[in-house]
Amino acid sequence: MTGLGWSKLVLFIVVGSALAPRAGADRETPPGRDPKQPVDEAYTEKIHKYTTAPYFTSPLVDYLPASKNVPTPQAVLGDVAGAPGILPYAEDVYRYMRLLEKATPRVKVFSIGKTEEGREMIAVAVSSEENLTNLEENRARLAKLADPRAIKLNDEEADKLVGEAVPIYYITGTIHSPETGAPTALMELAYRLAVDESPYIKEIRDGTITLITPVVEVDGRDRMVDLYKWHLTHPKQFYPWLVYWGKYVAHDNNRDAMGVTLKLTENVLHAYVGWKAQVLHDLHESVPYLYDNTIGDEPYNAWIDPILADEWQVIGWNNVSAMTKFGMPGVFAHGDFDTWSPGYLMFIAALHNGISRLYETFGNGGADTEERTLQPEQYARTWYRQNPPLPKVLWSQRDNNNYEETGLLTSLHFFTENKQRFLKNFYLKAKRSTTKPSEEGPAAYVLPADDPRPALQAELLQVLERQAVEISRATSAFAVTLPAKKPKEPAKEKDRKEEKSPPPAPTRREFPAGSYIIRMDQPYSRIADALLDHQYWSPDDPQKTPYDDTGWTFGELFHVEVARVTDSKVLDIPMDRVTTVHAPGGVKGEGTLFAIMNRAEPALATLRYKLHDASIEAAEEPFESAGRKFNRGSFLVRNTSRADLDRAAAELGVQVTALSVRPEVKTHPVRAARIALVHTWLSTQTEGWWRLALDKLGIPYDYRSTQAIAKISDLNAKYDVILFPPVGYNAGVDAVVNGVPTAWGNPLPWKNTPETPNLVGKNDATDDLRPGLGWDGVAHLQEFVERGGVLLTAMDTSSLALSLGFADGISTQNANKMKIVGSVVEMRLVDDASPIAYGYEEKGAAYCDNGPIFSLSSIAGQRGRRRLGPEMRGRPTGRGSLEDPDFAVGRPGMEAPEERKSEIWESPPVSDEQKRNGFRVIPPPRRPRVIFRYGDGKDLLVSGLIEGGDEIAQHPAVVDAPSGKGHVVLFSINPVYRGETWGTYAMVLNTILNFDSLNAGRKDAAE
Ligand SMILES: [Zn+2]
């Protein structure tokens, strides 16, 4: 098209839009009170009093409408929402919501489930009486938009439903317990939405159903309120940090939306999907004063519908614009949150065809009014923050509530004004999810019926079940075409011409009857695709600071086969919908001895602990019996009734073969080790995922703090295995051993008292959080290992154990350029005879977050070598080629003795020079044994981001270090993480079950 053509077109567009009926601005309903409705004068006066500057409020919240019959939050709080010194418990918040429900037909309260500690979670619906009366009819309409198959993908039918349906905007508060403002803001918001007769609020009430879960982390909320009360009664003292939030995890409770292992995630997900809501808006507090991170920064998650990315822009910018017009400083979007990981709670909406939203407002971590001083980068004016926060302000909980409520009300209003657009998008996103096989693909994911790990396969499928994904099962065997695999490194142009080898061809793949099929022509195909697909984050990506994990491929992390099938014929094969997935298990065959194949399935450990009286042995070599081949590590079970074993095996999905003859194979006992799990008082979250896993598997353990370890002088009398999971934050010797300084300040108790009745819950208590493991504790752990105990460490606790000299011949190094940010990496099996490796295959995947990098040496006190660049063979500078010997003029040359080679994961052979008076040479039986190593550089990346991976490639990943009569088993990976790494759980469980036979199959060097 010529330049002339363009200008004509532009002219046409300008004229066209001038003639079009004006929408938007001129018809906008102004925010602000209805002068005809009386104001609650006393309440309003308090709002003004607690707001610290006139620009920290808006015309939407600087008054409270009066009502004759509906109680204000004051009825429960004794003061207004956001008043200083007042933080309500969850039950107080619920009591208020139920008072509203009683007083007005515009509010209804629903129970949505319980927490791990048995506390209730609720969702409060606020809307017009008519909307709440017709909830079920409306749900039926929304259900058809949510699942367009119900209307045969008929757009006209959808338009009709869009015209009739009332959308649902779901708000969730205080998932992060130290972020305390949301509950009072949401109490007052519910009141305003139910009572205010101003046209602005009335439009929201009539046009939208606002659904509110005022407290998401209920267990943590009650602990936080306890702590705050303790602080109020001890005003001059330092107060304890919130060392536990929920029973298991703290801040990570907002990283559980992939695995759905926590009750709060499951309950919110069910509420979101059950109500067929369009938005999930989660409230947080960290940065000043309101960061709408909905738009966020790149890279965006690759599995969301682009329609959603556009909705983020539209909603986010409207929010900033509306609040900027109110004159409220410090409201911005974009910022530094990237939208890659789908682990956040609000992302439940993003991958279930809704709109995910998140606010960070400014909280004081309690209800004190305080002077707050910002860092320069926080008040800097940037392209996305033209009206930045002030460098120093007096800030109150009321200010925070004003921002939260104003943001939500402007959002609700904009959403209501555009509800048909958003409902239509909701339908379109669901429709495009359903037509995925014929658009971008794949057609399905298939999990084969002959997977060697059926119990782990069932665990993975149960994640999809919790995500409301439909699962089907093939009723007969079938075959599909798999696309040709591209070679890893494309051949050079020249080579390609010369070789003339045919390009790789597509292959046929057969799947047996009973294989599981995850169809992609279903409304929730996107979440299944996001979890099962692979991730690639380029080291060249302009985003240099990923906000969270970069890789998570569930099939890889569960060690379960998942085939991505693009062949759309897979959708035509006969299949049935499956409502509950359960792995088949039980006893088959005749005999009184029972054999169980070991495929590194965690269920085997559960079985060991369940059948306490049975005697179980592990085979140290593979064997054949009853016409079946059993691999190394397989169980032989005796002294149990067939009925008991059958019942337990059926429940756990474990297949047992009865044998009439005992096979000829060397075995050792598999005992139910007595376990302690050690935690610090610095942070309990990373180990919390380990507790969650052990509890889910029914494996008992004592939960002991580092302070308790310091007081138990004979650990061997109580325990066989001590697990010391990662502390987090790379906590080192100083932090773990010394704890927090006690030379000044006051004790920080973590225990239940009349003013802190909820603090301990089902976890641990102490009179003072500050002391650490101490040198007594270090000595006790060392003695424990010396006398035969097994200490298992991972990541930072591995570095800690090595810094404390717990194991000879291993050192750790800091990475120079390596960047592995929560990625899935390849692992290779090095020593298949070690019990730690029982059931594992040559290749597998694991979760890695930057190491540490282990290196081995057979010389005590010597740092292991480390490869910094590509492998190079060397010789000294001199005459001749690389292979030739050098010689000096005037005498014959001499061949240098052959250097003995070793692999990167091995310790270099002891040299003749080192053997001279070799008191530092570690005797072979005391040298560390490498069980798993990291993959080669080119194969290391499975999913996520790896930069400079050569620094860790081929280095040991799991090492068994003998020490005294015991062992220290050190992990560089994190084998138990966020309920996502089921495939590596058995590395820990194998260590536990074989604690007194870890040397089985050990081969020592000759010298
Ligand atoms: Zn937060």
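Only the coordinates and a few stated rules stand behind these numbers; no lab work does. Computed from a predicted structure; not experimentally measured. No Cβ is skipped: glycine too gets one built from the backbone with ideal geometry, and neighbour counts run over all protein chains shown.
What ratio of Cα Rg to 2.2 N^0.38 Å holds for the chain? Don't skip to the end; give the middle numbers.
Details: Rg = 31.5 Å, N = 1007, 2.2 N^0.38 = 30.4 Å.
My calculation over the Cα atoms of the chain gives 1.03.
Counting C-alpha atoms alone, how compact is region 523-643: give Rg to one decimal and Dmax as a whole number, in angstrom.
21.2, 64
Compute the Rg/Rh shape ratio of region 948-1007: radius of gyration over Kirkwood radius, all on alpha-carbon atoms.
Values: Rg = 13.9 Å, Rh = 13.6 Å.
Taking Rh as the inverse mean 1/r over Cα pairs, Rg/Rh reads 1.02.
From Cα pairs below 8 angstrom and at least 6 apart in sequence, can you work out the relative contact order of the chain, rounded to a whole percent? Display every interim value, and only then the final one.
Working: 2200 pairs, mean separation 106.8, N = 1007.
Once divided by the residue count of the chain, the mean separation gives 11 percent.
Which whole-Hz ³J(HN,Hα) couplings does region 447-460 yield from phi under the Karplus relation 6.51 cos²θ - 1.76 cosθ + 1.60, θ = phi - 60°, glycine and proline marked x?
Those phi angles translate into 10, x, 5, 9, 4, x, 10, x, 6, 5, 4, 5, 4, 5 Hz.
Could you tell me the convex hull volume per residue, in Å³, taken over the Cα atoms of region 840-977? Provide the component values of the computation, followed by the final result.
Values: hull volume 21.8 nm³, N = 138.
For region 840-977, the hull spanned by Cα atoms encloses 158 Å³ per residue.
Hey, if you drop one equal point scatterer on each alpha-carbon of region 259-316 and run the Debye formula without solvent, what base-10 log of I(q)/I(0) do you get at q = 0.14, 0.24, 0.27 Å⁻¹?
-0.55, -1.18, -1.16
About its Cα centre, what dipole magnitude does region 665-728 give when the only charges are +1 on Lys and Arg Cβ and -1 on Asp and Glu Cβ, stated in debye to the nearest 20?
160
Rounding to the nearest 20 debye, state how big the charge dipole of region 935-1007 is about its Cα centre with +1 on each Lys and Arg Cβ and -1 on each Asp and Glu Cβ.
Values: 5 positive and 10 negative charges, 67 e Å.
That gives region 935-1007 a dipole magnitude of about 320 debye.
Find which of Thr44, Gly878, Ala986 sits farthest along the positive direction of the dipole of the chain, computed with +1 on the beta-carbon of Lys and Arg, -1 on that of Asp and Glu, about the Cα centre.
Toward the positive end, the furthest listed residue is Gly878.
Given the rule -39500 (n - 2.57) for each run of at least 4 DSSP H residues, summed and divided by the residues of the chain, what is its mean residue ellipticity at 222 nm, to the nearest 500 deg cm²/dmol?
On the way: 29 runs with 301 residues, N = 1007.
For the chain, the value works out to -9000 deg cm²/dmol.
To the nearest 20 debye, what charge dipole does region 117-163 have about its Cα centre, counting +1 at the Cβ of each Lys and Arg and -1 at the Cβ of each Asp and Glu? Walk me through the numbers before you get to the answer.
On the way: 7 positive and 11 negative charges, 39 e Å.
Roughly 180 debye, rounded to the nearest 20.
Just to verify a number: FRET efficiency for Arg647 and Trp744, C-beta to C-beta distance, R0 = 51 Å, to 0.05? Walk me through the numbers before you get to the answer.
On the way: r = 59 Å, r/R0 = 1.15.
Efficiency for this residue pair is about 0.30.
Using a 7 Å offset from the Cα along the Cα-to-Cβ direction at both Thr373 and Phe238, what is the distance between the two label points in nm, to one decimal?
So the label points at Thr373 and Phe238 sit 1.9 nm apart.
Below 8 Å, C-alpha to C-alpha, sequence gap of six or more: please give me the relative contact order for region 527-570 in percent. If you can, show how the numbers build up before the last one.
Details: 21 pairs, mean separation 18.5, N = 44.
Result for region 527-570 is 42 percent.
What length, rounded to one decimal in nm, is gained on full extension from Ala833 through to Asn69, with 0.36 nm per residue of separation minus their alpha-carbon distance?
Working: separation 764, 0.36 × 764 = 275.04 nm, distance 7.51 nm.
Answer, rounded to one decimal: 267.5 nm.
What ranking do Tyr239, Tyr96 get, fewest neighbouring Cβ atoms within 10 angstrom at the top? Don't skip to the end; give the middle numbers.
On the way: Tyr239 18, Tyr96 28.
The most exposed by this proxy come first: Tyr239, Tyr96.
Among Arg599, Arg900, Arg662, rank each residue by its count of other Cβ atoms within 10 Å, from fewest to most, as a rough exposure measure. If you can, show how the numbers build up before the last one.
Details: Arg599 24, Arg900 9, Arg662 14.
In increasing order of surrounding Cβ atoms, one gets Arg900, Arg662, Arg599.
Regarding region 666-809, what are the three Cα extents along the principal axes, ordered largest first, in Å?
Taking max minus min along each principal axis of the Cα atoms, region 666-809 gives 59, 34, 27 Å.
List Phe932, Phe511 from most exposed to least, where exposure is judged by having the fewest other Cβ atoms within 10 Å. Provide the component values of the computation, followed by the final result.
On the way: Phe932 27, Phe511 23.
The fewest-first ordering by Cβ neighbours comes to Phe511, Phe932.
Projected area of region 286-421, taken from the Cα convex hull and averaged over every viewing direction, in nm²? If you can, show how the numbers build up before the last one.
On the way: hull surface 33.8 nm².
Directional mean of the projected Cα hull area for region 286-421 stands at 8.5 nm².
Could you check how many percent of all C-alpha pairs in region 68-126 are farther apart than 18 Å?
On the way: 682 of 1711 pairs.
I get 40 percent for the Cα pairs in region 68-126 exceeding 18 Å.
Report the equivalent ellipsoid semi-axes for region 199-352 in whole Å, largest first, defined as the square roots of five times the eigenvalues of the gyration tensor built from alpha carbon atoms. Intermediate values should be presented prior to the final figure.
On the way: eigenvalues 164, 94, 62 Å².
Result for region 199-352: semi-axes of 29, 22, 18 Å.
Just need log10 I(q)/I(0) for region 342-493 at q = 0.11, 0.13, 0.20 Å⁻¹, Debye formula, equal scatterers on the alpha-carbon atoms, no solvent, rounded to two decimals.
The calculated log intensity ratios at q = 0.11, 0.13, 0.20 Å⁻¹ are -0.81, -0.93, -1.40.
Reported to two decimal places, what Rg/Rh ratio describes region 750-790 when computed on Cα atoms with Rh from the Kirkwood expression?
Details: Rg = 15.3 Å, Rh = 12.6 Å.
Answer for region 750-790: 1.21.
May I have the pair-distance distribution P(r) for region 132-198, computed from all Cα-Cα distances with 5 Å bins from 0 and rounded to whole percent?
So the P(r) values, bin by bin, are 3, 14, 17, 15, 12, 12, 12, 10, 4, 0.
Can you tell me the alpha carbon radius of gyration of region 399-438 divided by the globular rule-of-thumb value 2.2 N^0.38 Å?
Numbers: Rg = 15.5 Å, N = 40, 2.2 N^0.38 = 8.9 Å.
Output field value: 1.74.
First measure r as the distance between the Cβ atoms of Val578 and Val661, then evaluate 1/(1 + (r/R0)^6) with R0 = 30 Å and state the FRET efficiency to the nearest 0.05. Walk me through the numbers before you get to the answer.
On the way: r = 38 Å, r/R0 = 1.28.
Efficiency for this residue pair is about 0.20.
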